[in-house]
Amino acid sequence: MRPTSYASYLRLSNLLAAQDPTTPPDDSGTWVAERFFIVCHQTTELWLSQVLLELDLAARCAAESPDWPTIKTSLMRAASIVLLLTHHLEQLIYLPRDRFLRFRPALEGISGAESEQMRELFVVGLGRHTHVRTISVGLERALARAGLPAPHALGACGHDECGAAGALEALTEGVTNWRRLHARIARYFIGGRRGTGGTAGADYLDERLAGLPDAEAAGRY
Ligand code: HEM
Ligand SMILES: [Zn+2]
C-alpha cells in the first residue's frame, strides 16, 4: 500500500516503540544510558541486515552474467556500513561504566554472542561465507578474462572488477577490526568479570581473535 506520510513510510511508530530498558524510568540517568546501549545494538542489527542483503545481491550478480558495477556498488556499501558499525561501537565511550554496571545484572543470560546476523558476518570476515566464495570465483574469472594477474589497488583504475575486489577486501578487514575493537571495549567495561552469555568474558573474546590476521597493520585499530 502506498504510504501516506514520512512516518508511515518509515514505520516510525513501530521503530521508536521498540526500545524497552529494564531500568525503572524514575532512575532517568541510567534509563537513558540503557536506552543508548539498546539503540547501539538495534541499529547494529538493522545495518547488519543491509550488509547481508548487499552480499546476497552481489553474489547473485556474480553468479549470473556478472554485472560488475552493481557488484562493486553493493560491496562498497557493505564495507562502508561495517566501518560505520565500528564507529557505532566507539559511541559506547559515552556510556559511563558505573551506569552500565547498574543495568548489567538484568542482562544475565543475554549476550551479543546470540546475534545470528553478527555470527554470519564473522563468517564473511573469515572469507568463508558462500557469497564471498561465489564473488571471489567470479572475480578470478573476470580478472583472467581481462588479462590481469591481480586487481589494481582500490581507486587506482576505473575497472569495476578491481573496485569490487578492493571493496571485498575492505569488508573482510572491517569485520576483523570490529571484532578487535569490541574485545577491547568489553575489557574496558567488564575487566575480568564473566560475560553475561556465560563465557570467561574479555579473555574469551581475545582467544577468539587469536590467529586472525593482524588488523592493526591494515587498519585503524
Ligand atoms: C558495553 C558493551 C559491550 C560489552 C561489555 C560486551 C561484552 C561481550 C562479552 C563479554 C562477550 C562474550 C560472550 C559473553 O559471555 O557474553 C560478547 C560477545 C559478543 N558481543 Fe558484545 N559487548 C558489548 C557490546 C556489544 C555490541 C554493541 C554488539 C553489537 C551487536 C556486541 C555483539 C557481540 C557479539 C557478536 C559477540 C560474540 C563475539 C564472538 O563470539 O567472538 N557486543 N560481548
Ligand atoms: Zn583495474
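Condition test on Thr176, is it within 16 Å of ligand 1 (Cβ to nearest atom) and either open to solvent by less than 40 Å² (accessible area, probe 1.4 Å) or touching a residue at least 12 places away in the same chain (Cβ under 8 Å) (or both)? Answer is yes for this residue. Filter region 179-191 down to the residues that are surrounded by fewer than 17 Cβ atoms within 10 Å (Cβ to Cβ) and of a type outside the set (Gly, Ala, Ser), then identify the one that is nearest to ligand 1 (Cβ to nearest atom). Across region 179-191, the extreme among qualifying residues is Phe189.
Which one is farthest from Ala144 (Cα to Cα), of the residues in region 49-67 that are crowded, with 20+ Cβ neighbours inside 10 Å and among the hydrophobic types (A, V, I, L, M, F, W, C)? Applying the filter and picking the extreme gives Val51. Only one entry in Ile71, Ile38, Ile110 is in contact (Cβ under 8 Å) with a residue 12 or more places away in the chain, assigned to a loop (DSSP other than H, G, I, E, B) and more than 13 Å from the chain's Cα centre (by Cα), namely Ile110.
In the condition set (1) part of a helix (DSSP H, G or I); (2) surrounded by 13 or more Cβ atoms within 10 Å (Cβ to Cβ); (3) more than 16 Å from ligand 2 (Cβ to nearest atom), Gly127 is compliant with all but (1).
One residue is enough: does region 146-161 have a residue meeting the conditions within 28 Å of Arg187 (Cα to Cα), outside any helix (DSSP H, G or I) and either more than 13 Å from ligand 1 (Cβ to nearest atom) or not hydroxyl-bearing (Ser, Thr, Tyr) (or both)? Before you say what the answer is, go through the steps one by one.
In the first step, residues of region 146-161 are kept if they are within 28 Å of Arg187 (Cα to Cα); the result is none.
No, the conditions are met nowhere in region 146-161.
The values are calculated or read from the model by the stated rules, or taken from the named source; none is laboratory data. Please read these numbers as outputs of a predicted model, since none were measured by experiment. We place every Cβ from the backbone using ideal geometry, glycine too, and count neighbours over all the protein chains shown. Surface areas here come from the heavy atoms of the whole protein model, side chains and all, with no ligands, DNA or RNA. Shrake-Rupley method; radii C 1.70, N 1.55, O 1.52, S 1.80 Å.
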